[in-house]
1. Of the conditions (1) at pLDDT 95 or above; (2) away from chain B (no Cβ under 14 Å), residue A:45 fails just one. Which one is it?
2. May I ask you to list the residues in the range A:209-239 that are over 24 Å from residue A:147 (Cβ atoms), loosely packed, with under 14 Cβ neighbours inside 10 Å and at pLDDT below 75?
3. State yes or no: is residue B:71 surrounded by fewer than 16 Cβ atoms within 10 Å (Cβ to Cβ) and at pLDDT 95 or above?
4. Among (1) without any contact (Cβ under 8 Å) to a residue 12 or more places away in the chain; (2) more than 13 Å from chain A (Cβ to nearest Cβ), which single condition is residue B:44 missing?
5. Do the conditions hold for residue A:114, that is, is it under 24 Å from the mean Cα position of the chain (by Cα), at pLDDT below 80, over 15 Å from residue B:47 (Cβ atoms) and assigned by TED's automatic domain parsing to the domain that holds residue A:148?
6. Would you call residue B:49 within 12 Å of chain A (Cβ to nearest Cβ) and in a strand (DSSP E or B)?
7. For residue A:73, state whether it is surrounded by 14 or more Cβ atoms within 10 Å (Cβ to Cβ), more than 9 Å from chain B (Cβ to nearest Cβ) and more than 29 Å from residue A:132 (Cα to Cα).
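The values are calculated or read from the model by the stated rules, or taken from the named source; none is laboratory data. Since we're looking at a predicted model, the values are computed, not measured. Backbone-built Cβ (ideal geometry, glycine too); neighbour counts: all protein chains shown.
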Amino acid sequence: MSTPFKALEDRLLRGGIAPRHVKRYLRELGEHLTDITEAQAAAGHDAPTAAARAALGPDEELADAMLKRRGFRSLCARFPWLVFGVVPVLALSLAMPWHILVLVVLKTLSAPALFHTLEGMVLFTGNFILVPAIVLLFVFIAWRQRLSLAWPILSTAIILILSPHWDNQPVADFPPGFSALHLLYSYSGETIRGGFTPLFLGAWWQLIAAQGAKLAAQYLLILLPLAWLVRRHGKTVAIA
Amino acid sequence: MAGGNSNFLSGVPELMVLRLLQDREMYGYEIVQAIQAQSRGTLCFGEGVVYPVLHGLEKDGALKSRRREVSGRSRVYYSLNSRGVRRLSDLTDTWTSTTQAIQNVLKGGLHVHPV
């Protein structure tokens, strides 16, 4: 975004205005500024750019004109508890079957060498790509709309608690007291035995003992986007 | 205030924008220049505040916009649609009756005696 409006952009986003409305507003302000600058230059003004920026109006006035219109507020600003508290649960439950379906279709269409076995790919992407990608999405939304850190922390916590750990052990091999939802999928003679175990369902300490390194890598990936946001937020506060 | 005109003053920018766009489609800078010229500089405001008004009217379905390339410059042109015409008519009626009421008060002459 153009520099003259950086502070205004931040102010509008923090005020809850949807990014698409902010983008459009700033773009038209930029075009208007060019028009005024050209007119000031044509009139022989000494400092046309500064005069043009003054004519456009102070940031406060420009921001207030937008902020007082509630219709421009984003869904995240109006219902953050819904976006960061409820949608992560829906996203997780919908993403799991879809990710298997996508991999099956990909395998069927192209059968790349990457897919050594469908089961291996499902377990790998389920553990290390799918869930971190969902967290990344919510962190990105929070960053883009300059929301309070509390919201992405909430969504990450929910995802951490509910996130499945995929494994292909037979049920009998799981530690005693271990709860697991099991998925059996058979396609073209290939069977996916994905036991995915939300931590809250099982004896999580036993899972950690059995799968410590894999689990640590999985949860590190989940926490990375949030750590980035916290660091960035700290820098912004320090600058402010 | 009775009569539904308590938000009258906040509707003034909308009224002016709709009236200007009734004649032809215009872009933001043109609209601001027209308001300043026709009000002979009486109305002073940050020129950028016209955009939330335009975007709000478009969101309400009173205006439509399109991006046009003119003389090498890309600009968003706004024009009135049928809902905008009705809104202009309503705002004009409200403005006329309110200014008439204010004129009557300013002129005085009608004394109401308390009972």
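1. So residue A:45 meets the others, but not (1).
2. Residue satisfying the conditions is A:209 alone.
3. Values: surrounded by fewer than 16 Cβ atoms within 10 Å (Cβ to Cβ): yes; at pLDDT 95 or above: no.
No: the conditions fail for residue B:71.
4. Looking at each condition in turn, residue B:44 falls short on (2).
5. Numbers: under 24 Å from the mean Cα position of the chain (by Cα): no; at pLDDT below 80: yes; over 15 Å from residue B:47 (Cβ atoms): yes; assigned by TED's automatic domain parsing to the domain that holds residue A:148: yes.
No; evaluated as a whole, the condition is false for this residue.
6. Details: within 12 Å of chain A (Cβ to nearest Cβ): yes; in a strand (DSSP E or B): no.
Criteria not met by residue B:49.
7. Values: surrounded by 14 or more Cβ atoms within 10 Å (Cβ to Cβ): yes; more than 9 Å from chain B (Cβ to nearest Cβ): yes; more than 29 Å from residue A:132 (Cα to Cα): no.
No.
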